[in-house]
Amino acid sequence: MTNPIIRIEGVNKEYGKGKNTVAALKDINIEINPGDYVAVVGPSGCGKSTLLHVMAGLEQPTNGRILLDGVDVTLISERDLPKVRAEKIGFVFQSFLLIDDLTSYENIEAVLWPNSDLNPHVQEEMSLEVLREVDMLERRDHRPLQLSGGEQQRIAIARALVNNPPILFCDEPTGNLDSQTGETIMKMIAQLNRDRKMTVVLVTHNEDLIKYAKRVIRMRDGAIRSDK
Ligand SMILES: Nc1ncnc2c1ncn2[C@@H]1O[C@H](COP(=O)(O)OP(=O)(O)OP(=O)(O)O)[C@@H](O)[C@H]1O
Ligand SMILES: [Mg+2]
């Protein structure tokens, strides 16, 4: 029996107070095995992004436990959380979230700080290697605004890979792209699952994307409706 790489136990997330309280997540329990590819689908506002954010330690759940690769991220101090996140997960967002003032190469190098004790040449090689992996080496000195949306997302994927984390979280990664570019990105993510054996959790409202996943979790009103 394999141990799950992600374990979510009794997670609730409430926003606001009193009669304005929104229950964004209601008693969520999920176990995800290493190497799995899970699509989380459901209508707008059902809690998909909230789920991914609490899984990634970007937001604290109101209660419950989140174990990533054996570490309970709800118990880690604010100070230590960024390092744990960098080591355990890569995150790809709908809006890319690159830093406009930095080149492609610099955007990637900027997140290498957990590996900052490595020789600078090794760090450079790590950054170039992931640029090569997403086929963006020739755009290394371009800034985000000089790149197409698909190219920006490839840089964002390279950034998610550079610390070699075992887990990849994607929130609507093709939401800002045309369908053909979106397909290129989806194939790239599938390849990372297949070849790098990364555990992928991908959130989307787009039913066309579930064909890439091995397991589909459907959400509605903050709760899990089905899991196949
Ligand atoms: N920071 C916040 N403060 C208050 N309410 C929030 C906050 N973030 C999310 N919510 C509410 O929590 C619920 C779930 O939001 P969430 O963003 O997780 O939905 P989603 O499934 O990702 O939707 P979409 O497909 O539109 O991205 C919604 O009702 C939303 O209004
Ligand atoms: Mg969302």
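The values are calculated or read from the model by the stated rules, or taken from the named source; none is laboratory data. From a predicted model like this one, the values you see are computed outputs, not experimental measurements. We place every Cβ from the backbone using ideal geometry, glycine too, and count neighbours over all the protein chains shown. Only protein heavy atoms, including side chains, enter the accessible area calculation; ligands, DNA and RNA are left aside. Shrake-Rupley method; radii C 1.70, N 1.55, O 1.52, S 1.80 Å.
I need a count of the residues in the range 142-158 that are in contact with a strand residue (DSSP E or B) (Cβ under 9 Å, 6 or more places away or on another chain) and in a loop (DSSP other than H, G, I, E, B).
0
Quick check, is Ser77 open to solvent by 20 Å² or more (accessible area, probe 1.4 Å), hydroxyl-bearing (Ser, Thr, Tyr) and within 16 Å of ligand 1 (Cβ to nearest atom)?
The answer is no for Ser77.
Sort out which residues of the range 13-50 are in contact with a strand residue (DSSP E or B) (Cβ under 6 Å, 6 or more places away or on another chain), among the hydroxyl-bearing types (Ser, Thr, Tyr) and within 16 Å of ligand 2 (Cβ to nearest atom), and write them in order of number.
Matches in the range 13-50: Tyr15, Ser49, Thr50.
Give me the residue from the range 51-87 that is within 16 Å of ligand 2 (Cβ to nearest atom) and free of Cβ contacts under 8 Å to residues at least 40 places away in the same chain and, out of that set, farthest from Arg225 (Cα to Cα).
The selected residue is Leu58.
Taking the range 159-203, which residues are touching a Lys or Arg at 6+ places or on another chain (Cβ under 7 Å) and in a loop (DSSP other than H, G, I, E, B)?
Matches in the range 159-203: Pro165, Pro166.
In the range 41-50, what residues are more than 17 Å from the chain's Cα centre (by Cα) and in contact (Cβ under 8 Å) with a residue 40 or more places away in the chain?
Selection gives Gly42, Pro43, Ser44, Cys46.
Picking from Asp100, Asp135, which residue would you name as being in contact with a Leu (Cβ under 7 Å, 6 or more places away or on another chain) and open to solvent by 70 Å² or more (accessible area, probe 1.4 Å)?
That would be Asp100, the only listed residue that is in contact with a Leu (Cβ under 7 Å, 6 or more places away or on another chain) and open to solvent by 70 Å² or more (accessible area, probe 1.4 Å).
Taking Ser95, is it open to solvent by 30 Å² or more (accessible area, probe 1.4 Å), within 16 Å of ligand 1 (Cβ to nearest atom), under 21 Å from Asp171 (Cα atoms) and at pLDDT below 95?
Answer is yes for this residue.
Quick check on this structure: which one of Leu177, Leu192 is hydrophobic (A, V, I, L, M, F, W, C) and open to solvent by 20 Å² or more (accessible area, probe 1.4 Å)?
Result of the check over Leu177, Leu192: Leu177.
Within the group Val22, Val40, which residue is within 11 Å of ligand 1 (Cβ to nearest atom) and either among the acidic types (Asp, Glu) or surrounded by 15 or more Cβ atoms within 10 Å (Cβ to Cβ) (or both)?
Val40
Yes or no: the range 75-85 includes at least one residue that is modelled with pLDDT of 90 or more, part of a loop (DSSP other than H, G, I, E, B) and closer than 19 Å to Thr199 by Cβ.
no
If I filter the range 61-74 for residues that are within 14 Å of ligand 1 (Cβ to nearest atom) and more than 26 Å from Gly182 (Cβ to Cβ), do I get at least one hit?
Within the range 61-74, one or more residues are within 14 Å of ligand 1 (Cβ to nearest atom) and more than 26 Å from Gly182 (Cβ to Cβ).
Could you list all residues from the range 90-110 that are of a type in the set (D, E, K, R) and part of a loop (DSSP other than H, G, I, E, B)?
Answer for the range 90-110, where residues must be of a type in the set (D, E, K, R) and part of a loop (DSSP other than H, G, I, E, B): Asp100, Asp101.
Would you please list the contacts, defined by Cβ atoms under 7 Å and residues six or more apart or on different chains, that run from a residue in the range 185-209 that is within 16 Å of ligand 2 (Cβ to nearest atom) to a residue that is open to solvent by 30 Å² or more (accessible area, probe 1.4 Å)?
Val203/Ser49; His205/Pro43; His205/Ser44
Could you say whether any residue in the range 28-40 is within 21 Å of Ala190 (Cα to Cα), within 19 Å of the chain's Cα centre (by Cα) and of a type in the set (Asp, Glu)?
yes
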